[in-house]
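Here the structure is laid out as structure tokens; the discussion comes afterwards.
Throughout, read-outs are computed from the coordinates displayed, never taken from laboratory work. From a predicted model like this one, the values you see are computed outputs, not experimental measurements. A quick note on method: Cβ atoms are made from the backbone with ideal geometry, for glycine too, and the neighbour counts reach across all protein chains shown.
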Amino acid sequence: MEKSKKNPKHIAIIMDGNGRWAKARELPRIEGHRAGAKTVKEIVTAAREMGIKYLTLYAFSSENWKRPKPEVNGLFRLLIEYCENELDTMLKNGISFNVIGEWGKLPNNTRKVLRNTMGETEKGKKMRLTLALNYSARKEILIAVSNILKDNVKRISEKGFIKRLFTYDMPDPDLIIRTSGELRLSNFLLWQAAYSEFFFTKTLWPDFSKDEFSKIIEDFAGRERRYGGI
Ligand code: IPE
Ligand code: IPE
Ligand code: MG
């Protein structure tokens with residue numbers, strides 16, 4: 001895997017297909033999520049090695065609360081395990097861990113681990129790893145609007161709006177990848193995706209690999225981004 005000037009600065013991934021991966025193996029859905037967590041490790045490493053500066057992973061949407069309680073709790077348990085097991089690796093590799101979404105509404109113990117991981121890794125300079133947790137892009141926009149009203153702002157610029165989003169200190173994603181063959185955004189980064197490039201793959205998230213990731217990045221490097229120009 002190579003670092004290249006044409007590599008995207010910010011990649012966002014909609015990690016989908018864990019449930020179907022488990023179903024195909026007659027395993028409980030949580031085993032799909034466990035396998036998905038392994039893929040997260042592999043892709044975080046690959047992104048860092050390629051010099052990607054921002055990697056944002058959609059891990060739990062605000063709509064995912066509709067799932068059965070045991071699955072939701074299992075996801076938070078895996079999240080805690082991930083943070084605890086990966087802390088040393090993140091510190092060693094200069095990764096700063098970050099969360100977007102209404103994570104203040106997650107269970108107490110989950111919040112505590114997230115806060116600790118963010119605090120411990122805050123000086124990491126190589127790559128920012130962001131998890132979207134209890135994230136809804138529409139809600140993010142509404143929260144920004146509410147804050148604008150609260151601040152009594154009479155005129156709003158794009159810049160003024162952007163600084164009130166969860167992603168206020170990140171560039172927009174250059175590339176958004178979704179696994180599992182679904183062709184939708186599912187309420188992810190609606191504002192920020194205005195000029196993102198998209199890549200959809202049928203691969204289920206637990207089967208997604210470093211190799212496929214690097215092929216997608218190669219494909220991205222060959223695209224021409226015009227931003228409305230000619
Ligand atoms: C993605 O996999 C993980 C989360 C949404 C938490 P899914 O659990 O949505 O897997 P499928 O779509 O049912 O296969
Ligand atoms: C999107 O996947 C959310 C995450 C990957 C966390 P879903 O599986 O929840 O999306 P839909 O329901 O298929 O749109
Ligand atoms: Mg899904």
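If you take all other residues with their beta carbon under 13 Å from the beta carbon of ARG128, and give Lys and Arg +1 and Asp and Glu -1, the sum is +4. By the combined test of axial Cα extent (at least 27 Å) and Kyte-Doolittle hydropathy (mean at least -1.0), the qualifying DSSP H helices of the chain come to 29-49, 69-93. Please give the Cα centre distance for the stretch 134-169 versus the stretch 1-53, rounded to the nearest Å. Computed from Cα coordinates, the inter-centre distance equals 29 Å.
Compute the projected area of the convex hull of the Cα atoms of the stretch 1-78, averaged over all viewing directions, and report it in nm² to one decimal place. Can you show the working numbers first?
Working: hull surface 23.8 nm².
Its Cα hull, projected and averaged over all orientations, spans 6.0 nm².
May I ask you to sort TRP103, TRP191 by Cβ crowding, counting other Cβ atoms within 10 Å and putting the fewest first? Write out the running numbers ahead of the final one.
Numbers: TRP103 19, TRP191 16.
Fewest-to-most Cβ neighbours within 10 Å comes out as TRP191, TRP103.
The antiparallel fraction among DSSP beta bridges confined to the chain stands at about 0%.
Using 0.36 nm per residue and subtracting the Cα-Cα separation, the extra length available between ALA221 and GLU63 on full extension is 53.6 nm.
Remark: the ARG25-TYR168 segment gains 47.4 nm on full extension, using 0.36 nm per residue and subtracting the alpha carbon distance.
For the cross-link pairs LYS9/LYS159; LYS53/LYS139; LYS6/LYS139; LYS69/LYS215; LYS125/LYS150, the ones whose C-alpha atoms lie over 31 Å apart are LYS6/LYS139; LYS69/LYS215; LYS125/LYS150.
Would you kindly calculate the translational diffusion coefficient of the chain, applying Stokes-Einstein with the Kirkwood radius from alpha carbon pairs, for 20 °C and a viscosity of 1.002 mPa s, and quote it in µm² s⁻¹ without decimals?
Working: Rh = 18.4 Å.
For these conditions, the coefficient is 117 µm²/s.
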